[in-house]
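Read the figures in this text as sums done on the coordinates, not as results from a lab. For clarity, every value in this text was computed on a predicted model and none was experimentally measured. Here the Cβ positions follow ideal geometry from the backbone for every residue, glycine too, while neighbour counts run over all protein chains shown.
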Amino acid sequence: MALLDVRNLNVRFETPDGAVEAVSDLSFTLEKGECLGIVGESGSGKSQTFMAAMGLLADNGKASGEVLFDGVNLLTAGEKTLNTIRGNKASMVFQDHMTSLTPHMRVGRQLTEVLVRHRGMDAATARDAVIAMLKRVQIPEPARRAEMYPHELSGGLRQRVMIAMSLLCSPALLIADEPTTALDVTVQALILDLIREVKEKEHTSVIMITHDLGVVAGIADRVAVMYAGRIVELGDVNQIFTAPQHPYTQGLLACTPRLDDVLGKSLKTIPGQPPNLQRLPPGCAFAPRCTYRIAACAARPPLRPAAGGGLKACVRDDIQPVRAAS
């Protein structure tokens, strides 16, 4: 049985300007010890998928469908059940590390509370475990840093604190939402190495949400490409990067800068703009931007097996897999 099984997930937000369909009919599974990369442009529904799964949607949001975590449907579970899962069996590293930490509490206290609540440790034992975890994520002088407030730490240190917090209870599932955004490359490498180590040594399942295709290439086993709230391609990481078959995936990879580009060569872009989620076009949401569109694109394409492996949401079978630039 898959650790995480998402079935026909829909996420809708009611706003003064009308309903926003953030996620539409989304289905996928995550096996134990697997890393699934979720990629796509801003607004494609990546983060809201997992905010819904963790019961953290804004008040105007509503989710339907099923999100089965170890057999428990998180969408219908009560608050008590969710509280025993969140931060314990399933942890999430949020994109904004500054607002994710309580500003008026010292870092050490915020971390010890996790162990006191979920593991029943006394304060002294919890503190020792926290210091050890801060050291594991390579925070220098961990005992001193634990006495600091979040605003006294750099962005890279705050992000490492968030990762330390998420790993304290050795969760079965780690959801990392843009964990390397706005960090310098050395800190990015450290964080990715740590997540990779946790996945391999502790057999932790990982969801890596990112717009950085390089991050996904280096850590994911499979990749789900999202566009306008739907998965448009899903497959093995090697297949996605060497022979992408959906026009949107091909476009994303073509937009990736290359070190060996001729000096002054213009960067490729995907024409047009992402659709308005309040007024999605009929049929394939990517069709208005797609150079392969035909009349049949007026019907919404299902996610189906692709000739080159994996799944794709495209009506055309004559689009040849394009070998991505290395």
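Annotations for the structure displayed:
- As a rough guide to protection, the peptides 231-238, 139-146 ranked by mean Cβ packing within 10 Å, highest first, stand as 231-238, 139-146.
- Read-out mean projected area of the Cα convex hull in nm², derived from the coordinates shown; its label in [x] 19.2; [y] 18.2; [z] 20.7: [y]
- Sorted on the mean count of surrounding Cβ atoms within 10 Å across their residues, most packed first, peptides 40-48, 197-205 read 40-48, 197-205.
- Anisotropy class of segment 1-73 from Cα gyration tensor, a/c 1.5 cut: prolate
- Lysines with Cα under 25 Å of Lys46, excluding same-chain neighbours fewer than 8 positions away: Lys32, Lys62, Lys89, Lys199, Lys268, Lys312
- Ascending count of other beta-carbon atoms within 10 Å, so fewest first, for Thr181, Thr291: Thr291, Thr181
- Cα gyration tensor, segment 245-312 - rounded (a/c under 1.5), prolate or oblate: oblate
- Mean ellipticity per residue at 222 nm, deg cm²/dmol - from DSSP H runs of n ≥ 4 across the chain, formula -39500 (n - 2.57): -9000 deg cm²/dmol
- Spatial extent of segment 103-153: Rg and Dmax, with the Cα atoms as the point set, Å: 10.4, 29
- Value of relative contact order over the chain, rounded to a whole percent, pairs C-alpha under 8 Å and six or more apart: 20
- Packing, as the average of other Cβ atoms within 10 Å across residues, places the peptides 303-316, 72-85 in the order 303-316, 72-85, highest first.
- Span-like helix check, the chain: qualifying full DSSP H segments, with Cα axial length of 24 Å or more and mean Kyte-Doolittle of -0.5 or more, are 185-202.
- Segment 127-176 versus segment 56-125: alpha-carbon centroid distance in Å: 16
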